[in-house]
Amino acid sequence: MRATEHRDAATLHAARAAELARLSDALGAGQREKLDDPATGLWFRSLDEERQAAAHLVEAAALKTEFEERCGALAPAQIVVSPLQRSSIGWLRKPDGIVVLLPTDAGPPERLLEELRCHRAWMRLGEAVADKCPLELPGIDLVAYGDRTGISVEITLTDPALVAELQRRTEYVLATKQHPH
């Protein structure tokens, strides 16, 4: 889930918790004893909803912290547009993913990886449109290689069921140079 989705879920859980607590409080003492047992009771369900809301807020905060740690020194233009979009000159499919080809002036491989990981962290905040960027897929692995002839970034997945989607997204983003925000 993205940070925005975690915050939305937390809001829903908090609203449910408040409603369940209100209903529990509205019950008379006799009814509360009958209807408020630990397995099914309104009050206990309210506490569970509160716990779920808190857990979603913790997850959203963790994603924000990851973004701040990965992107702190980068300019906004480096964050919202991945170096693959800015500089790619081609790509090759491979059985477990895709290789993106870049010119040497795209930067050293280590910096490219930092920017790609930052871009991914930014997307996980919920700023980008879902289902477009290949870096948003779960379980990706990034490796960059470079020498005086060029740079390549390998994006691979351990889940073979997602490889075709990874390739489709990568080819779309690189061919159109579009990453809807």
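Quick notes on this one:
- Filter result for LEU137 (closer than 18 Å to LEU63 by Cβ, of a type in the set (A, V, I, L, M), out of contact with any Pro (no Cβ under 7 Å at 6 or more places or on another chain) and surrounded by 12 or more Cβ atoms within 10 Å (Cβ to Cβ)): yes
- Against the conditions (1) modelled with pLDDT under 90; (2) closer than 18 Å to PRO160 by Cα, VAL81 satisfies every one except (2).
- Within region 156-170, residues that are in the same structural domain as ASP141 (by TED's automatic domain parsing) sit with their Cβ atoms under 6 Å from residues that are in a helix (DSSP H, G or I) and surrounded by 13 or more Cβ atoms within 10 Å (Cβ to Cβ), at 6+ positions apart or across chains, in these pairs: LEU157/VAL163; LEU157/LEU166; LEU166/PRO134; ARG169/PRO134; THR170/PRO134.
- Taking the criterion of being in contact with a Ser or Thr (Cβ under 7 Å, 6 or more places away or on another chain) and either under 18 Å from ALA73 (Cβ atoms) or surrounded by 19 or more Cβ atoms within 10 Å (Cβ to Cβ) (or both), the residues of region 92-114 that qualify are GLY97, ILE98, VAL100, LEU102, ALA106.
- Residue within region 82-90 that is within 25 Å of ALA62 (Cβ to Cβ), in contact (Cβ under 8 Å) with a residue 24 or more places away in the chain and touching a His at 6+ places or on another chain (Cβ under 6 Å) present: yes
- Matching residues, region 91-128, being over 12 Å from GLY146 (Cα atoms), among the small types (Gly, Ala, Ser) and free of Cβ contacts under 8 Å to residues at least 60 places away in the same chain: ALA121, ALA128
- Selection count, region 144-155, where residues are touching a helix residue (DSSP H, G or I) at 6+ places or on another chain (Cβ under 8 Å) and buried (at least 17 other Cβ atoms within 10 Å of the Cβ): 5
- In region 115-127, residue modelled with the lowest pLDDT [restricted to those that are under 14 Å from ALA77 (Cα atoms) and out of contact with any strand residue (DSSP E or B) (no Cβ under 9 Å at 6 or more places or on another chain)]: GLU127
- Qualifying residue in region 56-64 (condition: under 30 Å from ARG16 (Cα atoms) and either basic (Lys, Arg) or not assigned by TED's automatic domain parsing to the domain that holds LEU20 (or both)): yes
The values are calculated or read from the model by the stated rules, or taken from the named source; none is laboratory data. Just so we're clear, the structure is a prediction, and the values are computed from it rather than from any experiment. Backbone-built Cβ (ideal geometry, glycine too); neighbour counts: all protein chains shown.
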